[in-house]
Amino acid sequence: MSNKIYTEVDPYTGSSIEEDAPTNSNAAGGVAMPPDAMMKKKKKKNLLDARTKAYREHARKLQMRREKKSMREGSFQSSVLASVQEFGIESLLAEENLDVMRSIVKSKQAKNLKFKDGTMKCDLMTASVITQVYDKVNDSNKAKLKPMMNGKKADFLKLQNIAFKVAK
């Protein structure tokens, strides 16, 4: 610390300040920097001219990178889509649509039902009403309802109309 003729005082607390950090002037509009810092000269950026060989080489490398990235993303996206579509589809695993409808009621989420002429999405309300009606009817009527559940889409829609009429 250097010998000072005066003591520097903090205006807020009134206590003396001991400052060992070097100071530099910022009056000329420059940036305040520590005295040991050196400024590096900025290099001029070389712009690529479309007429040069370097530009054609650069464009070719960019195109190769884009193609490689799109191939990677395309295969990744298709694999993710395939795995997502397979995930949670009990209709392909279950033998009967009644089991799938019970899982719809349990999970409170619409799922696909598999029929002889395609698939159809079934919501919670429909699945709940049909399973309740199925549980309440006698064995001879259950035998009649089973083929309607697992047959064609038109049969299932008939069963749906009957179930909603009975449930009222």
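With respect to (1) exposed (fewer than 13 other Cβ atoms within 10 Å of the Cβ); (2) aliphatic (A, V, I, L, M); (3) modelled with pLDDT of 85 or more, the lone exception for V100 is condition (1).
Of all residues in the stretch 50-71, none satisfies being loosely packed, with under 10 Cβ neighbours inside 10 Å, modelled with pLDDT under 70, more than 30 Å from V105 (Cβ to Cβ) and among the charged types (D, E, K, R). Selection within the stretch 134-154: residues that are under 40 Å from the mean Cα position of the chain (by Cα) and among the aliphatic types (A, V, I, L, M). The member of this set that is surrounded by the fewest Cβ atoms within 10 Å (Cβ to Cβ) is A154.
Contact map, the stretch 99-118: residues that are closer than 20 Å to K153 by Cβ paired with residues that are among the β-branched types (V, I, T) and assigned to a strand (DSSP E or B), Cβ distance under 6 Å, separation 6+ or inter-chain. Pairs shown: N112/T119.
The values are calculated or read from the model by the stated rules, or taken from the named source; none is laboratory data. No experiment lies behind these values; they were computed from the predicted model shown. Glycine gets a Cβ as well: all are built from the backbone with ideal geometry, and neighbour counts include every protein chain shown.
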